[in-house]
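Working notes, structure below.
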Amino acid sequence: DVPWDVATEMAICAIIEVIEAGLCLHDEIEVRAVEGNHDPTFVASVLIALRIRFQNEPRVTIGETGDQVSVVIFETVMLAFNHGDKAKPRDAVEYLTDEFREEWGKTRHTYYWTGHKHRREGKQIGGAMWEQLEPICPRNLYARKNLFCGRASMMIVEYHALDGERNRYRVPFPA
């Protein structure tokens, strides 16, 4: 089983590597994270570590914790993030169209990202592409007892301001 501190350190190190690689390609990096249902303090710990690491890097913005749904508008692209434990994907997309009505109407591409179920899955729902990510941490005792079969990985997706998704990369982590 992976102790909490080891899993946290693995997550922080992996995210730091992604941010540093991103800075070689992009002028700005914005990091957002949403709370999970197992440990609501985990995301705060990760964000604090990232703020400390990048405090002298003006090109990196580390977001705050708080809202259940985080939305980023990138010209014609809407990116929405939620852990995925509060609503089914179809209901969550309907929530986006209501709660973020103005933003939804101004964008051409909507991507809704969740986790929670510990496996990759995705489908088109109305005007949005919903995708569920694998966990970033390796399977622990809880995951094995509940027969979760998803592998640990990180997904890196590059979006074009007008055309939407341009590239994606999946970085698998050792089991």
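DSSP finds beta bridges in the chain, and of those with both partners inside it, around 60 percent are antiparallel.
Enter the Cα centre distance for the pair segment 1-18 and segment 100-175, rounded to the nearest angstrom. After rounding, the separation between the Cα centres reads 19 Å. With a Förster radius of 41 Å, plug the Cβ-Cβ distance of A44 and Q124 into 1/(1 + (r/R0)^6) and report the FRET value to the nearest 0.05. Efficiency, rounded to the nearest 0.05: 0.80. Calculated accessible area for the chain comes out at 61 Å² per residue, all protein chains present (probe 1.4 Å; ligands, DNA, RNA ignored). Here the accessible area of segment 9-121 is 49 percent carbon and sulfur, with a 1.4 angstrom probe and all protein chains present.
Count the net charge of all other residues whose Cβ sits under 11 Å from the Cβ of M129, scoring Lys and Arg as +1 and Asp and Glu as -1. Every neighbour counted, the sum reads -1. Debye-formula intensities of segment 1-156, expressed as log10 I(q)/I(0) at q = 0.19 Å⁻¹, are -1.34 (one equal scatterer per alpha-carbon, no solvent).
Taking 0.36 nm per residue of separation and subtracting the Cα-Cα distance, what length does fully extending N167 through K86 add?
26.3 nm
Model label sites at H116 and F148, defined 7 Å from Cα along the beta-carbon direction, differ in position by 1.3 nm. For K145, the lysines whose Cα falls under 18 Å of its own Cα, not counting residues fewer than eight places away in the same chain, are K117. Rounded to the nearest 500, the helix-only mean residue ellipticity at 222 nm of the chain stands at -10000 deg cm²/dmol, with each DSSP H run of n ≥ 4 adding -39,500 (n - 2.57). Couplings 3J(HN,Hα) for segment 87-103, derived from phi with the Karplus relation 6.51 cos²θ - 1.76 cosθ + 1.60 (θ = phi - 60°), are 8, 5, x, 4, 5, 5, 5, 4, 4, 4, 5, 8, 5, 10, 3, 5, 5 Hz, where x marks Gly and Pro.
For the peptides 111-118, 138-145, the ranking by mean Cβ contacts within 10 Å, running from highest to lowest, is 111-118, 138-145. The mean of 1/r over all pairs of different alpha-carbon atoms in segment 68-115, once inverted, gives a Kirkwood hydrodynamic radius of 10.7 Å.
If you plug the beta carbon distance of R101 and V2 into 1/(1 + (r/R0)^6) with R0 = 30 Å, you get a FRET efficiency near 0.10.
The values are calculated or read from the model by the stated rules, or taken from the named source; none is laboratory data. The structure presented is a predicted model; accordingly, all values stated were derived computationally and were not measured. For neighbour counting, all protein chains shown are included, and Cβ atoms are generated from backbone atoms with ideal geometry for every residue, glycine included. Side chains included, ligands, DNA and RNA excluded: accessible areas come from the protein's heavy atoms. Shrake-Rupley method; radii C 1.70, N 1.55, O 1.52, S 1.80 Å.
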